[in-house]
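The structure under discussion appears below in the form of structure tokens.
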Amino acid sequence: MESLQYELDDVERALGDEIDGMEFDDGALERVESRLELWKQLGKKYGFGYSEIMRFFENATEERDKLARFDELSESLVKEESAVKKRLYECYLALQEIRKSAAQDFSAAVTEQLRSLGMNSARFAVWFEEIPPYSPDLHFVGENGLGRLEFQFSANKGEPLKPLSKIISGGEISRFMLAVKTQSAKMQRISTYVFDEIDAGISGTIAKVVAEKFADIAKDTQILAITHLPQIAAMADRSLLIVKTEEPSGKTVSTIRTLDARGKVEEVARLMGGDPKNRLAAENAEALIGLADRYKS
């Protein structure tokens with residue numbers, strides 16, 4: 001026990017000497033307290049955790065460095081923009097060539113369709129505006145390319161091609177749209193085509209051709225057609241009769257009625273100019289419907 005007491009006394013003296021040798025720095029304490037106060041203020045503003053404060057500090061430092069290198073970054077971005085615009089311009093040129101090639105095939109196919117519709121001298125072409133040479137100030141208009149395109153049409157032999165919108169007549173536009181849609185139906189998936197009195201200006205053999213083209217398109221695409229031609233009405237898979245009546249008040253009312261097989265025969269007979277109740281007219285209508293059914297089968 002006496003030996004242990006001696007050792008404790010030695011430890012006590014050593015600790016006392018160590019404490020006596022320590023210096024207390026009021027300035028150091030003030031600096032520590034100041035930093036702690038700063039942390040409290042930062043915690044209130046940016047988050048109370050050390051990790052949140054440091055995350056903000058790192059982000060702010062990164063933004064500061066970017067601002068310090070603004071001129072360098074700006075020059076780099078300008079060069080990158082220029083390279084992207086040049087690449088985009090090259091893509092536009094390539095797209096233009098692809099479109100021109102496709103337009104030649106499409107124009108030839110539409111022209112052939114027009115001839116089958118009785119427009120033997122008709123010509124159709126797609127005109128492309130030339131793309132200007134590249135320059136840094138070139139305005140890129142969007143995903144459709146730089147140059148415009150225009151449909152051009154000539155109905156008669158010897159006439160030059162002119163913008164479609166300026167020269168085509170009512171009867172011609174009906175057949176032209178059918179020719180275009182017949183061809184485009186082969187290249188894209190369209191769920192429904194609507195033809196509102198496309199039979200304007202046509203009759204006889206051409207009406208039969210139009211009806212057959214409807215049937216061809218309808219193999220893959222639904223067609224809604226409003227018609228006054230018996231050839232087209234006979235080709236329909238489903239028939240609806242639209243009747244307009246005037247009420248005593250003077251108001252016009254349209255009604256739609258689904259036709260059964262007998263009703264279809266009567267309406268086709270009426271469109272053929274006959275009496276729907278006449279036996280011979282009904283037989284002619286049935287014969288026309290039979291021809292249409294055989295074409296579709």
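Some points to look at:
- Total formal charge among the other residues, if their Cβ is under 12 angstrom from that of Lys100, Lys/Arg +1 and Asp/Glu -1: -3
- Extension gain for the segment Cys91 to Glu52, taken as residue separation times 0.36 nm less the Cα-Cα distance, is 9.4 nm to one decimal.
- Within straight-line reach of Lys79, meaning a Cα separation under 20 Å, sit the following lysines at least 8 residues removed in sequence or on another chain: Lys66.
- All C-alpha to C-alpha distances of the range 182-297, sorted into 10 Å bins beginning at zero, yield P(r) values of 13, 41, 32, 12, 2, 0 percent in whole numbers.
- Set of the range 114-140 residues, backbone N closer than 15 Å to the point 7 Å along the Cα-Cβ line of Ala103: 124-132
- Net lengthening on full extension, Ala200/Glu30 (0.36 nm per residue, minus Cα-Cα): 51.4 nm
- Neighbourhood charge, 13 Å Cβ-Cβ cut-off, centred on Ala285 and excluding it, Lys, Arg +1 and Asp, Glu -1: -1
- Cα-based reach from Lys296 at 22 Å (exclusive), listing lysines while leaving out same-chain residues under 8 positions away: Lys181, Lys186, Lys208, Lys213, Lys219, Lys264
- Between Ala60 and Leu241, the distance separating the two model label sites (each 7 Å from Cα on the Cα→Cβ line) works out to 8.4 nm.
- Gain upon complete extension [Glu75, Lys251; 0.36 nm per residue less C-alpha separation]: 56.3 nm
- With R₀ set to 41 Å, the beta-carbon distance separating Gln41 from Ile131 gives a calculated FRET efficiency near 0.10.
Quick note: the coordinates plus some simple rules give every number you see, no bench work behind them. All of these numbers come straight from a predicted model, not from anything done at the bench. Quick reminder, even Gly has a Cβ in these numbers, built from the backbone with ideal geometry, and neighbours come from all protein chains shown.
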